[in-house]
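The structure under discussion appears below in the form of structure tokens.
The values are calculated or read from the model by the stated rules, or taken from the named source; none is laboratory data. All figures in this text were calculated on a predicted structure; none of them were measured in a lab. Every residue, glycine among them, receives a Cβ derived from its backbone with ideal geometry; neighbour counts consider all protein chains shown. Just so you know, the surface numbers come from the protein's heavy atoms only, side chains and all, with ligands and any DNA or RNA stripped out. Shrake-Rupley method; radii C 1.70, N 1.55, O 1.52, S 1.80 Å.
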Amino acid sequence: MSNMYDWADYYDLTQRGLNGDVEYYMDQAKQAGGKVLELGCGTGRITLPLAQAGIPVTGLDLSQTMLDRAKAKAEELGVADSVRLLQGDMRSFDLGETYSLIMIPFRSFLHLLHIQEQMKALACIRKHLAPGGKFAMNVFVPKIQHFNEENEKMSLRGTHRMENGDEVAMWDYTRYDHFQQLAEVTRIYERSNAAGVMTERVTGRFTLRYIFPTELHHLLRLNGFKVTQRYGSFAKTAFDASSSELILVAEAL
Ligand SMILES: C[S@@+](CC[C@H](N)C(=O)[O-])C[C@H]1O[C@@H](n2cnc3c(N)ncnc32)[C@H](O)[C@@H]1O
């Protein structure tokens, strides 16, 4: 079984992000008005539009497969020379420069599975923030009822049509460990041709540590940040009991 991010083509086909997230981070980057660093940039879904808009952006990711795909897309879009794509770990990076905005979109912070790892990442982020710089991120809001519905079940997340007409179905099997706040996801991509015959089936795995909103506030505070903006959607609606996403901007204390 491989890591889910070994399947960068299927990632791009099936992961289109959250409603309005690219526009939101673009706006944050423009307001920051300086260099931007995306941690967990993946295939460049957000990094590359920023580069296209002329924003000086660096993307860092653990997965070379995802970065290779980001590089190929950067070349296709003609921004390969203006974007910096680096293999690295958000828990331990030292880039020798500071940024007006450091961002972790699309819940990538949840890939850090222990509090010590989260704290290491936050220490690195703080070190790389320019004076007055901002740290922007988003995570999903854990819902107990949703956990109960999903636990140890196979769920069809969607079907997606490839350019050659093949169809890819994406299935998740999730097992929760509520003591450790972990969601262990086995993700299966099933590819079928126009005749409906399955031609490929790949399985990847990833684990997330879900984080409660108050916990995240405490974590940021403990690591030298204060939350300066908080939203429940990328249209900047207020965060409240009905919100399924927590979107935060923090600054050094
Ligand atoms: C959900 S994807 C998000 C990709 C991209 N930001 C987007 O919005 O499409 C999470 C990414 O985080 C990366 N990642 C996971 N752990 C990481 C770490 N410790 N340091 C850097 N990147 C990491 C994965 O390789 C993957 O590309």
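Annotation: amide H of G88 within the under-5 Å range of D61, L62, sequence separation 5 or more or interchain, hydrogens built in the peptide plane.
Projecting the Cα atoms of T43, M162, M119 onto the charge dipole of the chain (Cβ charges, centred on the Cα centre) puts M119 farthest toward the positive pole. Averaged over residues, the count of other Cβ atoms within 10 Å places the peptides 142-148, 117-123 in the sequence 117-123, 142-148, highest first. Under 11 Å from a point placed 7 Å out from the Cα of Q31 along the Cα-to-Cβ direction: which residues of segment 217-253 have their backbone N that close? In segment 217-253, the label zone of Q31 (backbone N under 11 Å from the point 7 Å along Cα→Cβ) covers 228-231, 236, 248-250. If a spin label sat at a point 7 angstrom from the Cα of T228 along the line to its beta carbon, the backbone N atoms of segment 236-253 nearer than 15 Å would be those of 248-253.
The Stokes-Einstein estimate for the chain, based on a Kirkwood radius over Cα pairs and taken at 10 °C with 1.306 mPa s viscosity, is a diffusion coefficient of 83 µm²/s. Think of a 1.4 Å ball rolled over the protein heavy atoms: segment 89-195 then has 49 Å² of accessible area per residue. Applying a DSSP loop filter and a limit of 13 other Cβ atoms within 10 Å to the GluC sites (Glu not before Pro) in segment 125-181 leaves E152, E163.
The count of lysine pairs in the chain whose Cα atoms are under 19 Å apart, excluding pairs fewer than 8 places apart on the same chain, comes to 11. Entry note, segment 24-130: relative contact order of 30 percent, from Cα contacts under 8 Å with a spacing of 6+ residues. Measuring nothing but how far apart in sequence close Cα pairs (under 8 Å, 6+ apart) lie, relative to its length, segment 144-209 scores a relative contact order of 25 percent. When only Cα pairs below 8 angstrom with a gap of at least 6 residues are kept, segment 79-136 shows a relative contact order of 50 percent.
Protection proxy ranking of 202-208, 62-68, by the mean of other Cβ atoms within 10 Å over each peptide's residues and highest first, is 62-68, 202-208.
Distance from the Cα centroid of segment 120-156 to that of segment 14-69 is 16 Å (rounded to whole angstrom). For the pair T159 and H114, what calculated FRET efficiency results from E = 1/(1 + (r/R0)^6), where r is the Cβ-Cβ distance and R0 = 25 Å, to the nearest 0.05? Taking R0 as 25 Å, the efficiency between H114 and T159 is 0.10.
Taking the DSSP beta bridges with both ends in the chain, the antiparallel portion is around 70 percent.
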